[in-house]
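Undergrad: Handing you this structure, nothing more for now.
Readers should treat all values here as calculations from the given coordinates under stated rules, not as data from a laboratory. Keep in mind that this is a model prediction, so the values were computed, not measured. Please note: Cβ atoms are built from the backbone with ideal geometry, for glycine as well, and neighbour counts cover all protein chains shown.
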Amino acid sequence: MRSVRLRWLLVGGALLAVAGCATGEEWATWKAHPTHFASGEHMFFSVRNSEGSPPRVTRQDIALARDEGWWGKPITVSQEQILER
Amino acid sequence: MSVKSALAAALALACVMAAGHAVAAPPTAVPPEDRLLPVELYTTDKAKTLGATHRGALRALNATIYHCMPWVETQKHSIGFFRPKNTTGDDRYLSIRIFIEQDPSPEFARFRVEERASAMFSRYVGAMLRRMTKDPAVAADATLDGFTVILEWMKQVPRGAGDRPVHETIAIFIEKSVAVDYLAGAIPITEVAAKARVLGFDGETPLGPLRVAVWDDNFVSTFKVSNYVLEPGVTCG
C-alpha cells in the first residue's frame, strides 16, 4: 500500500515539474491572444516574456494557438465566388 | 522509502525527463498539403498540366508562407492555377488565398474599405508576387496567363454568443505581363495597382471593383514574430 502511494507521488511530482517547465501563465496568455494589431500599422504576435529565458515560439505553437483561439466559422466569401477550378 | 526521499526521487526523475525533453529533436512542423488544389480537381486539361508541371513550385510556395509568414494562414485548396470567375476562355492564373491574422483595431476599422484594401494591397501583393514566381519556370510557362492574390482579414469579431466573425476580402487579378514587368523592376507597384482588377467583399457580399491607392511597403520582409524560431533546416530569404 505504501509503495503504491509512493509510486503515485513519484509520477505526480514528475508531471508537475515537467508541466512547470513547459507552460506557465505567460504561455497561456499568449495562446489565448496570439495576435495583436496596433494603431493600424504594425501587426505582431504578443508574447509576454517571463522572468527567465525568453519564450521560443515555434510554428507548431502558432498552429496550436490558432486552433485553440479560433473565433468560430467566419462569414466570408467562398472561393467559388471568385475563382473556378 | 520515506516521503522525503520519494520527493527527492520525483524531482530527480523530473529533471531527467526535462533534460531529455530539451535535448530531444524538436518535432518538425510540416505545411499542410491540402493548401494545394489536387491536380485531379482541375476541370480542364490546361489547368491539370499546369498543376502537375509546377507541383514542386507550389509546394515550395506553400512551405515558404507556412514557415516564413506564420502570421498568415493559407486557405485550403487555395494554391493552384485557377480561372478568374466570369471570364471567357480558359485563362489560368496562379492563385493563392491567405487569411491575415490580426486583432481588430478601431483605427484600422475607421478607414474606408478602399483604404483598408489599399493598405493590404501595399503590404502583401508585391511580396506575394515575388514568392509566387520564385521558381522562374512558373512565370516562364507560356500557358500561364496571370496571378491572383486573395487577401482576407477579420473585419469584426463576434459581438455576442452565437455571433460569427465577419471577414473582409479583396481579390486582386494581375495579368502576367504586368507582373513580369513589376518583378523585373520595369514598373512600380502603383502601376500594378492601376492595371490590376481588385474586387472587394464584405463577408459574403460583393462590393464590386475597388480603386486602391498603394505604396511600397516592406512590412513582409521586415516584420518578425517575437521569439519565433524557424524549424531546423528552414531558411527565409
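Undergrad: Find out how many positive minus negative residues lie around residue B:185, taking Lys and Arg as positive, Asp and Glu as negative, among other residues whose Cβ is under 14 Å from that of residue B:185.
TA: On the way: positive: B:130; negative: B:181, B:191, B:216.
Charge balance in the 14 Å sphere: -2.
Undergrad: Ok, one more. Averaged over B:159-171, how many beta carbons belonging to a partner chain fall within 10 Å of each residue's beta carbon? Display every interim value, and only then the final one.
TA: Details: counts 0, 0, 0, 1, 3, 6, 7, 3, 5, 2, 4, 1, 5.
Mean shielding count: 3.
Undergrad: Quote the charge dipole size of chain B about the Cα centre in Debye, to the nearest 20; the model charges only the Cβ of Lys and Arg (+1) and of Asp and Glu (-1). Please report the intermediate quantities before stating the final value.
TA: Numbers: 26 positive and 26 negative charges, 52 e Å.
For this selection, approximately 240 debye.
Undergrad: Using a Förster radius of 22 Å, what is the FRET efficiency between residue A:60 and residue B:77 based on their Cβ-Cβ separation? Nearest 0.05, please. Mind dumping the intermediate values first?
TA: Details: r = 23 Å, r/R0 = 1.02.
Computed FRET efficiency for residue A:60 and residue B:77: 0.45.
Undergrad: Give the angle, between 0 and 90 degrees and rounded to the nearest 10, that separates the Cα long axis of helix B:113-132 from the longest principal axis of the Cα atoms of chain B.
TA: Helix B:113-132 sits roughly 80 degrees off the main axis of chain B.
Undergrad: If you fit an axis through the alpha-carbon atoms of helix B:3-23 and take the longest principal axis of the Cα set of chain B, what angle between them do you get, 0 to 90°, nearest 10?
TA: Orientation of helix B:3-23: about 30 degrees from the principal axis.
Undergrad: Arranged by the count of other C-beta atoms within 10 angstrom, fewest first, what order do B:236, B:68 take? Walk me through the intermediate numbers first.
TA: Numbers: B:236 10, B:68 18.
Ascending Cβ contact count within 10 Å gives the list B:236, B:68.
Undergrad: Under 29 Å Cα to Cα from residue B:195, which lysines show up? Leave out anything in the same chain fewer than 8 places away.
TA: Reachable lysines: B:46, B:48, B:76, B:85, B:134, B:155, B:176.
Undergrad: Moving on to the next point. How far is it, in nm, from the label point at residue B:231 to the one at residue B:161 when both lie 7 Å from their Cα along the line to the Cβ?
TA: Going by the 7 Å Cα→Cβ label model, 4.0 nm.
Undergrad: Take the alpha carbon gyration tensor of chain B, find the square roots of its eigenvalues, order them as a ≥ b ≥ c, and report rounded if a/c is under 1.5; if not, report prolate when a/b exceeds b/c, else oblate. Walk me through the numbers on the way to the answer.
TA: Working: a/c = 2.25, a/b = 1.66, b/c = 1.35.
Prolate is the answer for chain B, as a/c is 1.5 or above and a/b outweighs b/c.
Undergrad: Return the FRET efficiency for the residue pair residue A:80, residue B:135: r is the Cβ-Cβ distance, R0 is 22 Å, and the value is rounded to the nearest 0.05.
TA: On the way: r = 27 Å, r/R0 = 1.25.
Computed FRET efficiency for residue A:80 and residue B:135 comes out at 0.20.
Undergrad: Follow-up question, since we're still on this one. Suppose the chain between residue B:177 and residue B:224 were pulled fully straight at 0.36 nm per residue; how much longer would it get relative to their current alpha carbon spacing? Please report the intermediate quantities before stating the final value.
TA: Values: separation 47, 0.36 × 47 = 16.92 nm, distance 3.19 nm.
Here the answer is 13.7 nm.
Undergrad: Now a separate question. Could you order peptides B:80-92, B:130-142 by the average number of other Cβ atoms within 10 Å of their residues, highest first? Could the numbers behind the result be given before it?
TA: On the way: B:80-92: 17.5, B:130-142: 15.4.
Put in order of decreasing packing, that is B:80-92, B:130-142.
Undergrad: Using the beta-carbon distance between residue B:113 and residue B:87 and R0 = 25 Å, what value does 1/(1 + (r/R0)^6) give for FRET efficiency, to the nearest 0.05? Please report the intermediate quantities before stating the final value.
TA: Values: r = 24 Å, r/R0 = 0.96.
That pair, residue B:113 with residue B:87, gives E of 0.55.
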